[in-house]
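Peer 1: If you scroll down you'll find the structure; I have some questions about it.
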């Protein structure tokens, strides 16, 4: 793909954000409408989490394949040709829920959490914001996910929360468990992971296998926009959405995913790059598969 093109992704929902407090879509109709707003703003990929559909339960995740199917069918209908990227994140070793959703939806891509992280956050008084969590992604778990993705022709998007995880990508590739095509995401801004600092990006890119496609997942408030700008300048792909932030570059709160993608496309164009179409994304995935 031409270097003056950039793949723009929208993270529609996230895992636990409360729709009573934030502009987070939950139902198939809400997800499709939010995806449509992001799609016409320039996003060619929709990263999708699924929420429980029972009244009052939309703040909780689900791996019900019927819910996954209904949401993805609705998004595909509203956004013709859109590329789907499904979450697969589970805290334990049981991957059956995500796998059932992958089999039901058959997305082009899926997130593949590429290493473990102590998921921590402190309050201002020094107390834990939540009980410390281990987001466990052992090599055995990763290998099982990659086998399922390979069998389903799903491209893994390797999410890296820390520098050692970034460096593991080339080991997975050389070991043979990670095959082309794949992409790498630098998850930056989690309190116990890599900080959302633009000056880190050249060092992180230097640790990737030669020619690897990459993007940043910038988590935080308005400060993440400097990271987006540096990503665009360095040739990375771009992602935002209410999973990652609720704030626009001026510090005001977003009304939803469409507004965030509009601002991200402005960042891309300021760096001399235009959003890739879904057809261009698919052509790029096919080109990398042939390498």
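The values are calculated or read from the model by the stated rules, or taken from the named source; none is laboratory data. What you see is a predicted model, and the numbers here were worked out from it, not measured in a lab. Ideal geometry is used to build each Cβ from the backbone, glycine not excepted, and the neighbour counts take in all protein chains shown.
Peer 1: Over 16 Å from the mean Cα position of the chain (by Cα), under 22 Å from residue 252 (Cα atoms) and modelled with pLDDT of 95 or more, is that true of residue 35? Let's see the steps before the verdict.
Peer 2: Working: over 16 Å from the mean Cα position of the chain (by Cα): no; under 22 Å from residue 252 (Cα atoms): yes; modelled with pLDDT of 95 or more: yes.
Answer is no for this residue.
Peer 1: Moving on. Please go through the range 60-86 and pick out each residue that is in a loop (DSSP other than H, G, I, E, B), out of contact with any helix residue (DSSP H, G or I) (no Cβ under 7 Å at 6 or more places or on another chain) and in contact (Cβ under 8 Å) with a residue 12 or more places away in the chain. Can you show your working first?
Peer 2: Of all residues in the range 60-86, those in a loop (DSSP other than H, G, I, E, B) come to 60, 62-64, 79-82.
The next check asks that each one be out of contact with any helix residue (DSSP H, G or I) (no Cβ under 7 Å at 6 or more places or on another chain); those that pass are 60, 62, 64, 80.
Passing the criteria: 60, 62, 64.
Peer 1: Is it the case that residue 192 is out of contact with any helix residue (DSSP H, G or I) (no Cβ under 6 Å at 6 or more places or on another chain), part of a loop (DSSP other than H, G, I, E, B) and either at pLDDT below 95 or under 17 Å from residue 216 (Cα atoms) (or both)? Don't jump to the end; show me each part of the working.
Peer 2: On the way: out of contact with any helix residue (DSSP H, G or I) (no Cβ under 6 Å at 6 or more places or on another chain): yes; part of a loop (DSSP other than H, G, I, E, B): yes; either at pLDDT below 95 or under 17 Å from residue 216 (Cα atoms) (or both): yes.
Against the criterion (out of contact with any helix residue (DSSP H, G or I) (no Cβ under 6 Å at 6 or more places or on another chain), part of a loop (DSSP other than H, G, I, E, B) and either at pLDDT below 95 or under 17 Å from residue 216 (Cα atoms) (or both)), residue 192 qualifies.
Peer 1: I've got another one for you. Give me a count of the residues in the range 98-133 that are touching a residue at least 12 places away in the same chain (Cβ under 8 Å) and touching a strand residue (DSSP E or B) at 6+ places or on another chain (Cβ under 9 Å).
Peer 2: Step one: list which residues in the range 98-133 are touching a residue at least 12 places away in the same chain (Cβ under 8 Å), which gives 98-122, 132-133.
Subset that is touching a strand residue (DSSP E or B) at 6+ places or on another chain (Cβ under 9 Å): 98, 101-102, 105-122, 132-133.
Total meeting the criteria: 23.
Peer 1: Same structure, new question: What pairs can you find where one residue is in the range 270-291 and modelled with pLDDT under 95, the other is loosely packed, with under 13 Cβ neighbours inside 10 Å, and their Cβ atoms are less than 8 Å apart, with a gap of 6+ or different chains?
Peer 2: What qualifies is 291/211.
Yes/no matrix, rows are residues, columns are (1) touching a residue at least 12 places away in the same chain (Cβ under 8 Å); (2) under 27 Å from residue 104 (Cα atoms):
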position: 135; (1), (2): yes, yes
position: 149; (1), (2): yes, yes
position: 171; (1), (2): no, no
position: 186; (1), (2): yes, no
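Peer 1: Can you tell me which residues in the range 143-176 are part of a helix (DSSP H, G or I) and over 25 Å from residue 202 (Cβ atoms)?
Peer 2: Start the filter on the range 143-176 by keeping residues that are part of a helix (DSSP H, G or I), which leaves 143-151, 163-175.
Scanning the range 143-176 gives 143, 144, 145, 146, 147, 148, 149, 150, 151, 175.
Peer 1: Do we find that residue 37 is outside any loop (DSSP other than H, G, I, E, B), over 14 Å from residue 106 (Cα atoms), touching a residue at least 60 places away in the same chain (Cβ under 8 Å) and out of contact with any strand residue (DSSP E or B) (no Cβ under 7 Å at 6 or more places or on another chain) in this structure?
Peer 2: On the way: outside any loop (DSSP other than H, G, I, E, B): yes; over 14 Å from residue 106 (Cα atoms): yes; touching a residue at least 60 places away in the same chain (Cβ under 8 Å): yes; out of contact with any strand residue (DSSP E or B) (no Cβ under 7 Å at 6 or more places or on another chain): yes.
In short, yes.
Peer 1: Identify the single condition in (1) within 22 Å of residue 179 (Cα to Cα); (2) out of contact with any helix residue (DSSP H, G or I) (no Cβ under 8 Å at 6 or more places or on another chain) that residue 132 does not satisfy, given that it satisfies every other one.
Peer 2: Failed condition: (1).
Peer 1: Would you check which residues across the range 87-114 are surrounded by 21 or more Cβ atoms within 10 Å (Cβ to Cβ) and either in a strand (DSSP E or B) or at positive phi (or both) and list them?
Peer 2: Answer for the range 87-114, where residues must be surrounded by 21 or more Cβ atoms within 10 Å (Cβ to Cβ) and either in a strand (DSSP E or B) or at positive phi (or both): 109, 110, 111, 112, 113.
Peer 1: Continuing with this model, one more query. Please find, within the range 234-277, the residue that is surrounded by the most Cβ atoms within 10 Å (Cβ to Cβ) out of those that are assigned to a helix (DSSP H, G or I) and more than 20 Å from the chain's Cα centre (by Cα).
Peer 2: First, pick out the residues of the range 234-277 that are assigned to a helix (DSSP H, G or I): 234, 257-270.
Add one more test, that the residue is more than 20 Å from the chain's Cα centre (by Cα), and what stays is 269-270.
Values: 269: 14, 270: 11.
Checking each candidate, the answer is 269.
Peer 1: Oh, and also: I'm trying to understand the selection: among the residues of the range 149-177, which are within 27 Å of residue 283 (Cβ to Cβ) and crowded, with 18+ Cβ neighbours inside 10 Å?
Peer 2: Those that are within 27 Å of residue 283 (Cβ to Cβ) and crowded, with 18+ Cβ neighbours inside 10 Å: 149, 154, 155, 156, 157, 158, 159, 160, 166, 169, 172.
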